[in-house]
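The values are calculated or read from the model by the stated rules, or taken from the named source; none is laboratory data. Everything numeric here is computed off the predicted structure, so don't read it as measured data. Because the Cβ atoms are built from the backbone with ideal geometry, glycine has one as well, and the counts that use them run over all protein chains shown. Protein only, heavy atoms only, side chains kept; ligands, DNA and RNA dropped before computing areas. Shrake-Rupley method; radii C 1.70, N 1.55, O 1.52, S 1.80 Å.
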Amino acid sequence: MGRNSQRRRGAQATRVGHNVTPDLSEISRARTAKRLRADIASWMRNPSQGPGASFMEGEHPSDPTAVWAILMGWLVGAREQITEEQARDAVRWVSDSLGIQHDDLLQAAGFIGHPDAPDVTLNEAVERYGDDPMLFTVYMVMLCGGLVATVGDADPDWLKQFDLTV
């Protein structure tokens, strides 16, 4: 390896160590989406367990910004293709399968066009859960799982059609 290559790699490592900008590259998004779909697939096999958080844990946790971007992309993309009744069915499925309060799900259900969801900003929706973005993230994952269960024929790959593209 040449001296210039070593310098570039050293400089890049230094920048990466100090970089607070999340990696939202296509590769990062694809990996995160795959992990999210795998987590939803595990949940579909045993709905009573609820969604895990493998995408936020482990040796290589996903960037939270990428997770939110993917989840919001899936939910808003689905909104364009589903009916209000299908949005209701997804929320009902999550509520019935996990015993989650229907009203708690409604904050995030605005993304999928649920007719009873409040008209709030993203910040207001997160505040509903006590300013805990992770909890709101889990509710978005649950809605994706509900859509997979009720509209996507229990196939997590159904969500691929809504993956973000560059």
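Might you let me know whether segment 17-24 holds any residue that is small (Gly, Ala, Ser), at pLDDT below 85 and surrounded by fewer than 16 Cβ atoms within 10 Å (Cβ to Cβ)?
Our first condition is that a residue be small (Gly, Ala, Ser); within segment 17-24, this holds for 17.
Subset that is at pLDDT below 85: 17.
Add one more test, that the residue is surrounded by fewer than 16 Cβ atoms within 10 Å (Cβ to Cβ), and what stays is 17.
Taking every residue of segment 17-24 in turn, at least one turns out to be small (Gly, Ala, Ser), at pLDDT below 85 and surrounded by fewer than 16 Cβ atoms within 10 Å (Cβ to Cβ).
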Any residue at all in segment 69-78 that is over 16 Å from Ile40 (Cα atoms), open to solvent by less than 60 Å² (accessible area, probe 1.4 Å) and over 15 Å from the mean Cα position of the chain (by Cα)? no
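This table checks each residue for (1) hydroxyl-bearing (Ser, Thr, Tyr); (2) over 18 Å from Gly73 (Cα atoms).
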{"position": "Gln101", "(1), (2)": "no, yes"}
{"position": "Ile112", "(1), (2)": "no, no"}
{"position": "Pro115", "(1), (2)": "no, yes"}
{"position": "Thr137", "(1), (2)": "yes, no"}
{"position": "Leu143", "(1), (2)": "no, no"}
{"position": "Leu147", "(1), (2)": "no, no"}
Out of everything in segment 143-166 that is among the hydrophobic types (A, V, I, L, M, F, W, C) and at pLDDT below 90, what residue ends up being surrounded by the most Cβ atoms within 10 Å (Cβ to Cβ)? Leu164
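State whether the residues of segment 119-128 include one that is of a type in the set (Ser, Thr, Tyr), open to solvent by 10 Å² or more (accessible area, probe 1.4 Å) and farther than 27 Å from Thr165 by Cα. Explain how you work it out, then say what you get.
Going through segment 119-128, the residues of a type in the set (Ser, Thr, Tyr) turn out to be 121.
Narrowing further to those that are open to solvent by 10 Å² or more (accessible area, probe 1.4 Å): 121.
Right, trim to farther than 27 Å from Thr165 by Cα and you get none.
No, there is no match, as no residue in segment 119-128 is of a type in the set (Ser, Thr, Tyr), open to solvent by 10 Å² or more (accessible area, probe 1.4 Å) and farther than 27 Å from Thr165 by Cα.
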Give the number of residues within segment 89-118 that are crowded, with 21+ Cβ neighbours inside 10 Å and on the phi > 0 side of the Ramachandran plot. 0
Return the pair list, or none, for Cβ contacts closer than 7 Å from residues in segment 143-164 that are over 16 Å from Gly50 (Cα atoms) to residues that are open to solvent by 50 Å² or more (accessible area, probe 1.4 Å), at least 6 apart or on different chains. Val151/Gln86
